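Read the structure below first, then the notes.
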Amino acid sequence: MKKKFTMIDEKFICDNCHNNVDILGYTARDHCPNCLYSKHVDIFPGDRENECKGLLKPIGIEKFKDTYKIIYKCQKCGEIKKNIMAKDDNFELIIELSKNN
């Protein structure tokens, strides 16, 4: 049986805004802190087994414990995903997304 979370905290270039994204350092980096876009690469966090590879567009925010989750919609397959926001995320975009709820 596969683990539900595989820790992968690696640098990448955002496919949406082309920002150079550094490691997060305290958990796995799963989206760009500049534009908040992600990539549909995982079935379970960190497994890199999803064949879709579409861009995950941030479409909303929801409260989660003492932080927030970013709600995404894949621009290729339409699946809805959620990721916890990171400490260095663009908070102005987080506020804008909260208006969509």
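The values are calculated or read from the model by the stated rules, or taken from the named source; none is laboratory data. Remember, predicted model here, so these are calculated numbers, not experimental data. All Cβ positions, glycine included, derive from the backbone under ideal geometry; neighbour counts span all protein chains shown. Heavy atoms of the whole protein, side chains included, go into the accessibility calculation; ligands, DNA and RNA do not. Shrake-Rupley method; radii C 1.70, N 1.55, O 1.52, S 1.80 Å.
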(Q) Which residue is most open to solvent (accessible area, probe 1.4 Å), if the candidates are limited to the stretch 44-56 and must be in contact (Cβ under 8 Å) with a residue 24 or more places away in the chain and either in contact with a Lys or Arg (Cβ under 6 Å, 6 or more places away or on another chain) or not in a loop (DSSP other than H, G, I, E, B) (or both)? (A) 44
Q. Which residues, taken from the stretch 69-80, are of a type outside the set (A, V, I, L, M, F, W, C), open to solvent by 50 Å² or more (accessible area, probe 1.4 Å) and within 12 Å of the chain's Cα centre (by Cα)?
A. 73
Q. For the stretch 24-42, which residues satisfy the criterion of being of a type outside the set (S, T, N, Q), open to solvent by less than 90 Å² (accessible area, probe 1.4 Å), in a loop (DSSP other than H, G, I, E, B) and at negative phi?
A. 24, 28, 29, 30, 31, 32, 33, 35, 37, 40, 41, 42
Q. Right, residue 16: free of Cβ contacts under 8 Å to residues at least 12 places away in the same chain and either closer than 22 Å to residue 79 by Cβ or not in a loop (DSSP other than H, G, I, E, B) (or both) or not?
A. no
